[in-house]
Amino acid sequence: MSASSLTRVLFLTHRVPYPPDKGDRIRTFNLLRFLSRRACVHLACLADEPVPDETLFALGRHCERVAIVPAEGWSRWLRAGFSLARGGTASEGAFNNPQLRALLRRWASETRFDVSLASASSLASYLRLEELRDVPAVLDLMDVDSQKWFDYAASRRGPRAWLYRTEGRRLRLLEQSTSEWASAVTLVGETEMAIYRQFCPDGPVHTITNGVDLDYFGPTPLVAGSSCVFVGALDYLPNIEGALWFCREVWPEVLRRRPEAKFYLVGRRPAAAVQRLADLPGVELVGQVPDVRPYVAGAAVTVVPLRIARGVQNKVLESLAMARPTIASPQTLAGLKAQPGVHLLQASSPEEWRQTLLALFDDPALGRRLGEAGRRYVEDHHCWERCLHPFAALLGLPAEAVLPREECVSPCAV
């Protein structure tokens, strides 16, 4: 099939989708790969950190053209505050970039797009540009972001709780308004769908869950010992609070009973509060690594003690794919169909966490059974190609891949 006959997709992401090392990047990069084998993809994204040449090269392999627009520094937060002061959301302001707006207008004048796709509600205004109004638009919300801010507000007091609640209310209005003009809205799971339906019962919403790279995160033999690992972006509030809670409420008693036990924290940009956890006995702060797999494979158990969680947790899917026995909080499992006691274990109270973790330390056979069942679960339910298949129909693309997409197109950085 010739390139001229392929659907032209404008794909707009709020963060550079490479490397796929955190939740939204994992989804957007795998979605980009899926689209690139069925369409001509024009990718425009915002960058909140420096972008190395290898990132441009990796993205260019999957795109007709790529533009990465810097969105760092004080001006971004100034726009966020200005938007909030004018009755909008801080999220919209933070992602409101004049350079990206001008770029999209230029692209729209050069290319007649068949469909547009954006990765967050905070990017919705770009798809409403006059030059793009006639282009059918799909919004991949992933999670109901407004609910995240309500959850944040419930865990805080004073001015911060007010600020989070205000952001949540305004984002909810934005999410509701998108159903009036978007061709489709997509979410990662039935739990998110149920929340969305509460305030937008008739919206064109679809569930498209997350997958996991089953080859990259291959099963590994279970190691013996008393070690556990938590993997996640360590500058992200739910991960920070989950790690702090675990170290405060669970870990001291585990360490008292297993003085040799180790708890490894693996993830990018550890916040100051997370860095201080390295001073605790038995806690090892690994921080950012190029590959999390050796650390997951080297631990006897993966723990995911989040108290606030939205959508599908990729860290759980990756652990299950590696056949690693996993303990997760109920909030973490809300977006999955994995069965506690069959594919992994669930714990809520500090005592449940302590008992469950110690049980896995003491019973390698139980860990092996859970690991094998967890691997089968992700193979059956979270293969990326099958998970993303509904996007083909929503975007008017061929159901099956028509291009190998192995050629490298030189990207342009702006």
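The values are calculated or read from the model by the stated rules, or taken from the named source; none is laboratory data. All values derive from a computational prediction rather than experimental measurement. Every residue, glycine among them, receives a Cβ derived from its backbone with ideal geometry; neighbour counts consider all protein chains shown. Calculation scope for accessible area: heavy atoms of the full protein, side chains included, ligands and nucleic acids excluded. Shrake-Rupley method; radii C 1.70, N 1.55, O 1.52, S 1.80 Å.
So what's the convex hull volume per residue for the Cα atoms of segment 54-134, in Å³?
Details: hull volume 8.7 nm³, N = 81.
Dividing the Cα hull volume of segment 54-134 by its residues yields 108 Å³.
From the gyration tensor of the Cα coordinates in segment 138-194, what semi-axes in whole Å does the equivalent ellipsoid have, largest first, with each one equal to sqrt(5λ)?
24, 13, 6
What does the convex hull of the Cα atoms come to per residue for segment 1-104, in Å³?
Measuring per residue, one finds 107 Å³ for the Cα hull of segment 1-104.
Looking at the chain, which longest stretch skips every one of the GluC sites (Glu not before Pro) that is in a DSSP loop with at most 16 other Cβ atoms within 10 Å, leaving the sites themselves out? Present the calculation step by step, with values, prior to reporting the outcome.
Numbers: sites that count: Glu72, Glu180, Glu260, Glu400, Glu406, Glu407.
Value returned for the longest uninterrupted segment is 261-399.
Which log10 I(q)/I(0) values does segment 179-226 give at q = 0.29 Å⁻¹ under the Debye formula, counting every alpha carbon as one identical point scatterer?
Values returned for q = 0.29 Å⁻¹ are -1.06.
Mind checking Rg over Rh on segment 315-385, alpha carbons, Kirkwood formula for Rh?
Working: Rg = 11.7 Å, Rh = 12.1 Å.
The Rg/Rh ratio comes out at 0.97.
Please determine, in degrees from 0 to 90 and to the nearest 10, the orientation of helix 350-362 with respect to the longest principal axis defined by the Cα atoms of the chain, where the helix direction is its Cα long axis.
Result, in degrees: 70.
How large are Rg and Dmax for segment 197-312 when calculated on the C-alpha trace, in angstrom?
Rg then Dmax for segment 197-312, in Å: 16.8, 56.
Which one, Pro270, Val16, Leu344, is farthest towards the positive end of the dipole of the chain when Lys and Arg carry +1 and Asp and Glu -1 on their Cβ?
Pro270
Note the angle between two axes, namely the Cα long axis of helix 23-36 and the longest principal axis of the Cα atoms of the chain, as a number of degrees from 0 to 90, rounded to the nearest 10.
It is inclined by approximately 50 degrees.
Under a GNM of the chain (C-alpha, springs under 10 Å), which listed residue has the highest mean-square fluctuation: Trp181, Trp74, Trp162?
Of the options given, Trp74 has the highest mean-square fluctuation.
Whole-Å semi-axes of segment 99-165's equivalent ellipsoid, largest first, each the root of 5 times a Cα gyration tensor eigenvalue? List each step's numbers first, then the result.
Numbers: eigenvalues 231, 33, 10 Å².
For segment 99-165, the semi-axes come out at 34, 13, 7 Å.
Pick from Thr166, Thr28, Thr209: which residue has the top mean-square fluctuation in a GNM of the chain where Cα pairs under 10 Å get a spring?
Thr166
For segment 1-59, with all protein chains present and a 1.4 Å probe, just round the carbon and sulfur fraction of the accessible area to a whole percent. Display every interim value, and only then the final one.
Numbers: 1030 of 1940 Å².
Roughly 53 percent of what the probe reaches on segment 1-59 is carbon or sulfur.
Among Ile308, Ile240, Val286, whose Cα projects farthest towards the positive end of the dipole of segment 226-311, with charges put on the beta-carbon of Lys, Arg (+1) and Asp, Glu (-1)?
Working it through, the farthest residue towards the positive pole turns out to be Ile308.
What per residue convex hull volume, in Å³, do the alpha-carbon atoms of segment 295-414 yield? Please list the in-between numbers first.
Details: hull volume 21.2 nm³, N = 120.
Here the figure is 177 Å³ per residue.
When all C-alpha to C-alpha distances in segment 351-405 are sorted into bins of 5 Å, what percent of pairs does each bin hold, rounded to whole numbers?
Result returned by the calculation: 4, 15, 14, 14, 11, 10, 8, 7, 8, 9, 1.
Select from Ala80, Ala338, Ala102 the residue whose mean-square fluctuation is largest in a Gaussian network model of the chain (Cα-Cα springs shorter than 10 Å).
In the Gaussian network model the winner is Ala102.
Cα centroids of segment 314-329 and segment 7-43: how far apart, whole angstrom?
24 Å
Using 0.36 nm per residue, how much length does the chain from Arg369 to Arg256 gain when fully extended, once their Cα-Cα distance is taken away?
Working: separation 113, 0.36 × 113 = 40.68 nm, distance 2.73 nm.
Fully extending the segment from Arg369 to Arg256 adds 38.0 nm.
Once the principal axes of the Cα atoms of segment 68-223 are found, what is the range along each, listed largest first in whole angstroms?
Principal extents (Cα only, largest first): 55, 45, 37 Å.
How big is the dipole moment of segment 233-391 about its Cα centre under a simple scheme where the beta carbon of each Lys and Arg is +1, that of each Asp and Glu is -1, and everything else is neutral? Debye, nearest 20, please. Each step should come with its number before you reach the end.
Details: 20 positive and 17 negative charges, 20 e Å.
It comes to approximately 100 debye.
Across 20 Å bins from 0, what is the distribution of all Cα-Cα pair distances for the chain, in whole percents?
In whole percents, the pair-distance histogram is 26, 57, 17, 0.
Nearest 500 deg cm²/dmol is fine: what mean residue ellipticity at 222 nm does the chain get from its DSSP H runs of n ≥ 4 alone, each adding -39,500 (n - 2.57), divided by its residue count? Don't skip to the answer; put the middle values down first.
Values: 18 runs with 178 residues, N = 414.
That calculation yields -12500 deg cm²/dmol at 222 nm.
How big is D for segment 133-285, in µm² s⁻¹ as a whole number, if Stokes-Einstein is applied with the Kirkwood radius of its Cα pairs at 10 °C and 1.306 mPa s?
On the way: Rh = 18.7 Å.
Once the numbers are plugged in, D ends up at 85 µm²/s.
Can you give me the % of accessible surface on segment 279-376 that is carbon or sulfur? Probe 1.4 Å, all protein chains present, nothing else counted.
Working: 1780 of 3680 Å².
Carbon and sulfur atoms account for 49 percent of the accessible area of segment 279-376.
Express in whole angstrom the spacing between the alpha-carbon centres of segment 108-135 and segment 199-238.
Cα centroid to Cα centroid, the span is 30 Å.
Under the √(5λ) rule applied to the eigenvalues of the Cα gyration tensor, what semi-axes describe the equivalent ellipsoid of segment 129-171? Give them in Å, descending. Intermediate values should be presented prior to the final figure.
Values: eigenvalues 193, 28, 4 Å².
Semi-axes (√(5λ), whole Å): 31, 12, 5.
Are there trypsin sites (Lys or Arg not before Pro) in segment 41-81 that DSSP puts in a loop and that have at most 11 other Cβ atoms within 10 Å, and which ones? Walk me through the intermediate numbers first.
Working: sites: Arg61, Arg65, Arg76, Arg79; in loops: Arg61.
Answer by residue number: there is no such site.
So if I take the alpha carbon set of segment 251-358, get Rg, then get Rh from the Kirkwood formula, what is the Rg over Rh ratio? Don't jump to the answer; show the numbers that get you there.
On the way: Rg = 13.8 Å, Rh = 14.7 Å.
On the Cα set of segment 251-358, Rg over Rh gives 0.94.
Probe radius 1.4 Å, ligands and nucleic acids left out: which of His381, His14 has the largest accessible area, and how do the rest follow?
Numbers: His381 95, His14 30 Å².
Highest to lowest solvent-accessible surface, that is His381, His14.
If I stretch the segment between Val51 and Arg248 completely, what's the gain in nm (0.36 nm per residue apart, minus their alpha carbon distance), one decimal?
Taking Val51 through Arg248 to full extension adds about 67.3 nm, to one decimal.
Can you tell me the orientation of helix 74-85 relative to the chain, as the angle in degrees between its alpha-carbon axis and the longest Cα principal axis, to the nearest 10?
The answer is roughly 80 degrees.
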